[in-house]
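Down below is the structure, laid out as C-alpha cells.
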Amino acid sequence: MKSINSILINTSNLHSGGGVQVATSFIYELNRMNKYDFGVVVSSVIYKELVNLGVCTNCFNSFVVLDAKGITALFDYKFQKMLSSHRVVFTVFGPLYSWKKPNKSIVGFAQPWIVYPHNEIYGSFSYLEKAKTTIKYFLQWLFYLNSDQLIVELQHVMNRLHKRLNTQNLRISVISNCVSTIFLNRNQELFHS
C-alpha cells in the first residue's frame with residue numbers, strides 16, 4: 001500500500017446489481033485515462049468483470065480484491081487497515097463501514113429505503129420485518145452521516161435527503177451516471193457474441 005496521501009477507490013462492498021456495473025465502468029474509465037494515482041479495492045465480482053474487460057489492474061498504486069459484506073466489514077482487520085492507510089476514501093456506493101473515519105470520506109448514495117422508507121413494499125411487511133428494515137436502514141444512515149460528502153445520481157434524491165432527513169450540514173453533490181466508453185467501441189469483445 002502506498003502513502004497516506006493517496007486516494008482509495010472502494011468497491012469491495014458491491015456484489016450484485018447496478019452498483020457492480022457502475023463500479024466496473026468507473027474503474028475501467030480510470031484505467032483508460034491513465035490515471036493510476038489511486039489505490040483500488042474491489043469485490044471478487046468486480047474483479048472478474050475487470051479481468052473480462054482487459055483492465056490493467058497492476059497499474060494502480062495498489063489493487064486489492066476483498067469482499068466486504070455489510071456491517072461485518074467493521075471487523076475485517078485488513079479492510080480497516082487499508083482504509084487508514086489512505087487520506088481520501090471514495091466508496092462508489094456506501095455506506096462505508098469504518099470505526100475510524102478517513103481524513104476525507106466521499107460516499108455514493110443509492111439507498112432508496114432511506115429516502116423513501118414507507119413505500120409500497122414496506123406496507124406489505126409483517127411487524128417484525130418492518131422493525132428489522134427500520135433498524136437496518138437507520139444504522140446505515142448513521143454511517144452515511146459519517147461521510148464528508150455524499151454523491152447521488154439524481155436531483156430529486158438530493159432534495160429528498162435535504163428535506164426528509166435534515167441534512168443541511170452534509171455536503172451532497174449530484175453526478176449523473178453516464179454511458180461507458182466500452183459501449184462506443186464496436187471492436188470490444190462485448191459485441192461479438
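Beta carbons closer than 6 Å, at least 6 apart along the sequence or on distinct chains, pair a first residue in segment 104-120 that is in contact (Cβ under 8 Å) with a residue 12 or more places away in the chain with a second that is among the polar types (S, T, N, Q) and not in a loop (DSSP other than H, G, I, E, B) for Ile106/Gln149; Val107/Thr91. Go through (1) surrounded by fewer than 14 Cβ atoms within 10 Å (Cβ to Cβ); (2) aromatic (Phe, Trp, Tyr); (3) under 18 Å from Lys69 (Cβ atoms) one by one and return the number of the condition Tyr97 breaks. For Tyr97, the failing item is (1). Cβ-Cβ distances below 9 Å connect the following pairs, each with a first residue in segment 67-89 that is farther than 17 Å from Asn146 by Cβ, a second residue that is of a type in the set (Val, Ile, Thr) and in a helix (DSSP H, G or I), and a separation of six or more residues or different chains: Asp67/Val45.
Of everything listed in (1) assigned to a loop (DSSP other than H, G, I, E, B); (2) under 18 Å from Ala23 (Cβ atoms), the single unmet condition for Ile151 is (1). Can you tell me which residue in segment 43-70 is nearest to Val92 (Cα to Cα), limited to those that are in contact with a helix residue (DSSP H, G or I) (Cβ under 7 Å, 6 or more places away or on another chain) and β-branched (Val, Ile, Thr)? For segment 43-70, the residue satisfying everything is Ile46. For segment 11-53, filtered to residues that are modelled with pLDDT of 90 or more and part of a loop (DSSP other than H, G, I, E, B), the residue that is surrounded by the fewest Cβ atoms within 10 Å (Cβ to Cβ) is Ser16.
The values are calculated or read from the model by the stated rules, or taken from the named source; none is laboratory data. Note that the structure is predicted; figures quoted are calculated from it, not measured. Note that each Cβ is placed from the backbone with ideal geometry, even for glycine, and that neighbours are counted across all protein chains shown.
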